[in-house]
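Values in this text are rule-based calculations from the coordinates and carry no lab data. Everything numeric here is computed off the predicted structure, so don't read it as measured data. A quick note on method: Cβ atoms are made from the backbone with ideal geometry, for glycine too, and the neighbour counts reach across all protein chains shown.
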């Protein structure tokens, strides 16, 4: 049997890593962080235990990469869904709704992620985090920010704060209120993106936002 080509080996490594990331999302979402072991993740992914350590230095780093992958894939799907658009306000609305939706759909996973990045190591600088950053940066640029780099950092901080407020144990903020605050901040009409069934909170976000949108 002839040896596999470098491109085939690279594709096999990519698929193996993807399976580990998806298994992490699934298991932590089902069981929580502490109840999920690296052996569990390897078993769910159909991989050898040693491959986890080969790709990731530890469980916390694996979790952050897995969540960042989930986030950039979810954001990309929201931005590219039909009908396709290049309208900057619609794209920003879709991005905001996608992130808020992750907190709603994956509360255990996102709460664990937020707790992890508030610890000493902060963000894990991995390819998944870099892809997420690029998607958000391009969204801010399409929105029309005169300084997309600064606008990206501000949007990231606001989204993190909003997710935290959604998931705060014992005192979560309502989704509609948080969405209204962000949409008002960026001058977005309530009907953009994927609006919730409920009406916007009175006095906070209106269907007919008056005036030009503030720049991020």
Hits in segment 113-155: amide N under 18 Å from the 7 Å Cα→Cβ extension of residue 13, namely 126-129
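Assuming R0 = 25 Å, what is the FRET efficiency of residue 194 and residue 118, from their Cβ-Cβ distance, to the nearest 0.05?
E(calc), rounded to 0.05, equals 0.35.
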Plugging the Cβ-Cβ distance of residue 149 and residue 177 into 1/(1 + (r/R0)^6) at R0 = 30 Å yields, to the nearest 0.05, a FRET efficiency of 0.55
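Determine by what factor the alpha-carbon radius of gyration of segment 1-55 differs from 2.2 N^0.38 Å, reporting the quotient. Don't jump to the answer; show the numbers that get you there.
On the way: Rg = 13.1 Å, N = 55, 2.2 N^0.38 = 10.1 Å.
Expressed relative to 2.2 N^0.38 Å, the Cα Rg reads 1.30.
Rounded, prolate or oblate: which fits segment 107-206 when a ≥ b ≥ c are the square roots of the eigenvalues of the alpha-carbon gyration tensor, with rounded for a/c under 1.5 and prolate only if a/b beats b/c? Walk me through the numbers before you get to the answer.
Details: a/c = 2.30, a/b = 1.17, b/c = 1.96.
In terms of gyration-tensor shape, oblate.
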In whole percent, the Cα-Cα distances of segment 1-114 spread across 5 Å bins from 0 upward as 2, 11, 19, 18, 15, 13, 11, 7, 4, 1, 0, 0
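Order of 183, 123, 56, 164 from fewest to most other C-beta atoms within 10 Å? Please report the intermediate quantities before stating the final value.
Details: 183 27, 123 13, 56 23, 164 17.
Going from least to most buried by this count: 123, 164, 56, 183.
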Between the Cα axis of helix 175-186 and the main Cα principal axis of the chain, the angle (0 to 90°, nearest 10) is 70
With Cα coordinates, the longest principal axis of the chain makes an angle with the long axis of helix 6-31, in degrees rounded to 10, of 60
Helix 148-167 sits off the longest principal axis of the Cα atoms of the chain, rounded to the nearest 10 on a 0 to 90 degree scale, by 80
Per the C-alpha gyration tensor (a ≥ b ≥ c, the square roots of its eigenvalues), segment 74-149 is rounded if a/c is under 1.5, else prolate if a/b beats b/c, else oblate; here it's oblate
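Quick check on the exposure proxy: order 186, 137 from fewest to most C-beta atoms within 10 angstrom.
Working: 186 23, 137 18.
In order of increasing Cβ crowding within 10 Å: 137, 186.
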